[in-house]
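**Q** I am attaching a structure below and will ask some questions about it afterwards.
The values are calculated or read from the model by the stated rules, or taken from the named source; none is laboratory data. The structure displayed is predicted, hence computed values, not measured ones. Cβ atoms come from the backbone with ideal geometry, glycine included; neighbour counts cover every protein chain shown.
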Ligand code: UTP
């Protein structure tokens with residue numbers, strides 16, 4: 001059983017500057033909620049008992065977002081804004097979240113490494129808030145089934161156009177069943193001609209606790225950061241690691257164009273705004 005999830009949210013968000021100068025990237029709105037709220041809700045829907053968010057300086061807005069705000073609740077009560085009040089209270093009641101502070105942004109691998117004591121030797125999940133999925137069954141639920149069958153680490157993978165591979169960790173796969181691959185190797189941000197496949201790793205992971213031993217001996221890699229991909233390669237040499245080609249839509253909301261695409265994709269399906277937004281887009285289309 002997987003009970004704990006790590007949500008790394010300590011990065012600089014350089015690709016979103018200047019929007020992220022004073023605002024954490026993870027707090028940028030996606031339709032009507034901050035990006036990070038989607039992953040917290042996803043964790044709760046998967047029955048995760050403990051949510052560990054990795055933050056850094058300048059990210060206090062994240063903690064405030066998931067905390068009670070009695071003044072605001074009082075104001076909404078006075079204004080008889082029942083629906084908004086429920087919504088605001090609901091966010092604070094979402095779950096028991098704990099925070100770990102990454103004092104220096106030494107990379108995604110390092111952000112995970114500092115949660116070691118809280119994870120305390122259990123298998124756990126990692127959700128990256130800027131990888132947005134739109135699927136009937138969330139990718140992590142699909143991956144949990146693979147974990148149950150094979151009892152090894154599972155990473156989400158997806159086929160990506162060759163010229164985009166240099167933005168991802170790319171696996172060297174050995175197919176073992178439909179949509180399931182064993183990792184023979186993995187390369188971080190390869191040039192397309194050097195990529196071992198077109199299967200890129202995306203931001204949902206189920207990891208065995210042995211990943212911490214691998215992270216501990218992983219030297220800084222590309223960009224001087226401790227890369228989770230490099231630790232996965234070490235782990236795959238010691239125990240089987242699997243890639244699962246999930247079913248569903250994916251948006252890379254870690255860059256402005258991707259966030260825009262995710263916003264349009266999700267807004268079209270929004271129960272309240274969707275129909276009006278669709279009409280708006282039809283109008284725009286006529287002008288193109
Ligand atoms: P990204 O590379 O997408 O995030 O890392 P970033 O570093 O904030 O973005 P850019 O490249 O500067 O634009 C994936 C996830 O890992 C977290 C980020 O917050 C993001 O959720 N991360 C990254 C950390 O928590 N610590 C780090 O040192 C680096």
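**Q** Can you report the number of residues in segment 240-249 which are at pLDDT 95 or above and either in a strand (DSSP E or B) or surrounded by fewer than 13 Cβ atoms within 10 Å (Cβ to Cβ) (or both)?
**A** 5
**Q** What is the number of the single condition among (1) more than 16 Å from the ligand (Cβ to nearest atom); (2) crowded, with 21+ Cβ neighbours inside 10 Å that residue 124 does not meet?
**A** (1)
**Q** On to the next question. Could you check, for segment 21-36, whether at least one of its residues is free of Cβ contacts under 8 Å to residues at least 40 places away in the same chain, part of a loop (DSSP other than H, G, I, E, B) and either out of contact with any helix residue (DSSP H, G or I) (no Cβ under 7 Å at 6 or more places or on another chain) or surrounded by fewer than 13 Cβ atoms within 10 Å (Cβ to Cβ) (or both)?
**A** Looking for residues that are free of Cβ contacts under 8 Å to residues at least 40 places away in the same chain, part of a loop (DSSP other than H, G, I, E, B) and either out of contact with any helix residue (DSSP H, G or I) (no Cβ under 7 Å at 6 or more places or on another chain) or surrounded by fewer than 13 Cβ atoms within 10 Å (Cβ to Cβ) (or both), one finds at least one in segment 21-36, hence yes.
Residues checked against (1) away from the ligand (no atom under 14 Å from the Cβ); (2) free of Cβ contacts under 8 Å to residues at least 24 places away in the same chain; (3) over 18 Å from residue 128 (Cβ atoms):
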{"site": "185", "(1), (2), (3)": "yes, no, yes"}
{"site": "194", "(1), (2), (3)": "yes, yes, yes"}
{"site": "208", "(1), (2), (3)": "yes, no, yes"}
{"site": "215", "(1), (2), (3)": "no, no, no"}
{"site": "232", "(1), (2), (3)": "yes, no, no"}
{"site": "239", "(1), (2), (3)": "yes, no, yes"}
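**Q** Output the strands (runs of 3 or more DSSP E) that fall wholly within segment 156-239 and possess 2 or more residues being over 18 Å from residue 108 (Cα atoms), or say none.
**A** It comes to 169-177, 180-188.
**Q** Being part of a loop (DSSP other than H, G, I, E, B) and within 15 Å of the ligand (Cβ to nearest atom) is the filter here; which residues of segment 93-121 pass it?
**A** Once the filter is applied, which keeps residues that are part of a loop (DSSP other than H, G, I, E, B) and within 15 Å of the ligand (Cβ to nearest atom), segment 93-121 yields 102, 103, 104, 105, 106, 107, 114, 115.
Residues checked against (1) away from the ligand (no atom under 16 Å from the Cβ); (2) more than 22 Å from residue 133 (Cα to Cα); (3) touching a helix residue (DSSP H, G or I) at 6+ places or on another chain (Cβ under 6 Å); (4) without any contact (Cβ under 8 Å) to a residue 12 or more places away in the chain:
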{"residue": "167", "(1), (2), (3), (4)": "no, no, no, no"}
{"residue": "176", "(1), (2), (3), (4)": "yes, yes, no, no"}
{"residue": "219", "(1), (2), (3), (4)": "no, yes, no, yes"}
{"residue": "236", "(1), (2), (3), (4)": "yes, yes, no, no"}
{"residue": "243", "(1), (2), (3), (4)": "yes, no, no, no"}
{"residue": "249", "(1), (2), (3), (4)": "yes, no, no, no"}
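**Q** Checking the structure you have, find out if any residue of segment 153-172 is more than 15 Å from the chain's Cα centre (by Cα) and farther than 18 Å from residue 190 by Cα.
**A** yes
**Q** Out of 96, 47, which single residue is more than 18 Å from the chain's Cα centre (by Cα) and surrounded by fewer than 13 Cβ atoms within 10 Å (Cβ to Cβ)?
**A** 96
**Q** Suppose we filter 142, 50 for residues that are modelled with pLDDT of 90 or more and farther than 23 Å from residue 157 by Cβ; which single one remains?
**A** When all the criteria are applied, what remains is 50.
**Q** A further question follows. What is the number of the single condition among (1) at pLDDT 90 or above; (2) surrounded by 13 or more Cβ atoms within 10 Å (Cβ to Cβ); (3) away from the ligand (no atom under 15 Å from the Cβ) that residue 87 does not meet?
**A** (1)
**Q** Further question on the same structure: Considering every residue within segment 51-64, establish whether at least one is away from the ligand (no atom under 15 Å from the Cβ) and in contact with a helix residue (DSSP H, G or I) (Cβ under 8 Å, 6 or more places away or on another chain).
**A** No, segment 51-64 has no match at all.
**Q** When you go through (1) at pLDDT below 95; (2) crowded, with 21+ Cβ neighbours inside 10 Å one by one for residue 283, which number turns out not to apply?
**A** (2)
**Q** When only residues in segment 12-30 that are at pLDDT 95 or above and closer than 24 Å to residue 125 by Cβ count, which is farthest from the ligand (Cβ to nearest atom)?
**A** Result: 30.
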